[in-house]
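One structure below.
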Amino acid sequence: IVTVTFSAVANRRYRYTVTGLLVSDSAGNTVTHLTDTSNNALREYFTYYPSSGAYVMGFIDYIETASSTGSLTRKVRHISGPGTYYYGSNVRDSIAWKIRVEDIGPA
C-alpha cells in the first residue's frame, strides 16, 4: 500500500496521478484501487495478464473536489482475486508505485 496525506482546501480540485509496475507470476485479472481512508474505491485500473506472466504498467488519473478543508489521505492497493489485497495469488510484487497530488484550481 502506498499512502499520501495532504492538507486540502474546500471547493478546490485535486488531481491524483498514480503510476507503478505490477509483476505477475501467472494469468489472471488484477485491479488497482485508488481509495480514501475507509478503502472506498475512488478509481480502479484493470489489467489482464497473459498466460506466461508479465510486467504491466499501472496508471490512474483521477480528479476530486475537496468537500471541506483539512487533512485528506489517499492510498493505492491491489486486488488479484476477491478479498486478496496487495500480494495476491497472481500479483507477486509491485515496484515503485507513486502517487502525485496536484492542486488544479477552484471547482
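The values are calculated or read from the model by the stated rules, or taken from the named source; none is laboratory data. Model, not experiment: these values are computed from the prediction. Please note: Cβ atoms are built from the backbone with ideal geometry, for glycine as well, and neighbour counts cover all protein chains shown.
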- Item | Count - residues of region 38-66 that are surrounded by 15 or more Cβ atoms within 10 Å (Cβ to Cβ), modelled with pLDDT under 85 and assigned to a strand (DSSP E or B) | 5
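Let's see how each residue does on (1) at pLDDT 75 or above; (2) under 14 Å from the mean Cα position of the chain (by Cα):
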| position | (1), (2) |
| --- | --- |
| 9 | yes, no |
| 21 | yes, yes |
| 36 | yes, yes |
| 72 | yes, no |
| 80 | no, yes |
| 89 | no, no |
